[in-house]
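The values are calculated or read from the model by the stated rules, or taken from the named source; none is laboratory data. The structure displayed is predicted, hence computed values, not measured ones. Using ideal geometry, Cβ is built from the backbone for each residue, glycine included, and neighbour counts are taken over all protein chains shown. The protein model used for the area step is the full one, side chains on, heavy atoms only, and it has no ligands, DNA or RNA in it. Shrake-Rupley method; radii C 1.70, N 1.55, O 1.52, S 1.80 Å.
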Amino acid sequence: MIADVLYNRKILPAYYRLGIGLKKVPSFKPGQFIMLRITEQVDPLLRRPFGVYRIIDKGIEILYKVVGRGTRLMTGLKLGDKLDILGPLGNGFELSHSTGDIIMIAGGIGIAPFYLLGAGGKGQGARVKLLFGGRSKDDLPGLEDFKSLKINMEISTDDGSVGKKGLVTELLKKELKTQHSKLKTVVYACGPKGMLKEVARIAKTADVPCYVSLDNVMACGIGACLGCAVKIRSQKSEVKSFTPTSYPPHPTSQIYKMVCKDGPVFDAREIEWEAI
């Protein structure tokens, strides 16, 4: 669909908010994403995936971090420019998984799905807490939004410029030790793969349900190109089984899911983390 740029605001040295106007705003679940064609030129050729951060008047808002050519080009978008997008795509975080405490743990741009999740959780009467980590104070986009939602937060930074010095996963360990009813606690995580792997381990040790949003390189966003395959533990019939003659080549059959179509949100127990 063709959309309009409503605004493109720099909020931190490497982070921007992009407002996208839509004639009809679809219903987005927390964690779902759009595929955005950045330019009509050949380079960059492929669309880029971006999680939907907020629903705004007459459209949606995404957060993006400048990390390469595509996102550098995006910084030049201005009011009235046209965008070609596909979405909503993928599955999202399900609030039905939680009947009590919600712990959201984010690393940097991994904060993207949690505004919608936090607002939805509070709307259902759940107790919501955000554990937010970054390299420094310049790697924590959207803090003011969560303050306006009055969500309980703890922050960590690698350099100690904001909050506790250290890794955000240490905050999770501490938080789970203080939970009075672990059976009613659900962890939702989005961020770097190393962080997600450790979150999954901590949650498993604490016997707490955990759902993670993965961020693999995507070319199509609909499961056709098989470029974002992730190896899983599950042997359920709905997952894709690749034979030795199909992608990815392997002497024995492997079980994979597509991050774009089957995810990006997965039960952390499904993922073969040693293959990530």
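Numbers below:
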{"read-out": "Per-region count, segment 1-38, residues over 21 Å from Leu140 (Cβ atoms) and among the polar types (S, T, N, Q)", "value": "2"}
{"read-out": "Residues that are modelled with pLDDT of 95 or more and either within 16 Å of Val230 (Cβ to Cβ) or in a loop (DSSP other than H, G, I, E, B) (or both), drawn from segment 200-209", "value": "Ala200"}
{"read-out": "Residues being touching a residue at least 24 places away in the same chain (Cβ under 8 Å) and either open to solvent by 40 Å² or more (accessible area, probe 1.4 Å) or of a type in the set (Lys, Arg) (or both) - total across segment 83-118", "value": "9"}
{"read-out": "Matching residues, segment 3-42, being under 19 Å from Ala219 (Cα atoms), open to solvent by 50 Å² or more (accessible area, probe 1.4 Å) and not acidic (Asp, Glu)", "value": "Arg37, Gln41, Val42"}
{"read-out": "Subset of segment 119-135 [in contact (Cβ under 8 Å) with a residue 40 or more places away in the chain, open to solvent by 10 Å² or more (accessible area, probe 1.4 Å) and not small (Gly, Ala, Ser)]", "value": "Lys129"}
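Residues are listed down the side, and each one gets a yes or a no for (1) crowded, with 16+ Cβ neighbours inside 10 Å; (2) under 25 Å from Gln32 (Cβ atoms); (3) at pLDDT 90 or above; (4) among the small types (Gly, Ala, Ser):
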| residue | (1), (2), (3), (4) |
| --- | --- |
| Val168 | yes, yes, yes, no |
| Leu214 | yes, yes, yes, no |
| Gly223 | yes, yes, no, yes |
| Tyr247 | no, no, no, no |
| Cys260 | yes, yes, no, no |
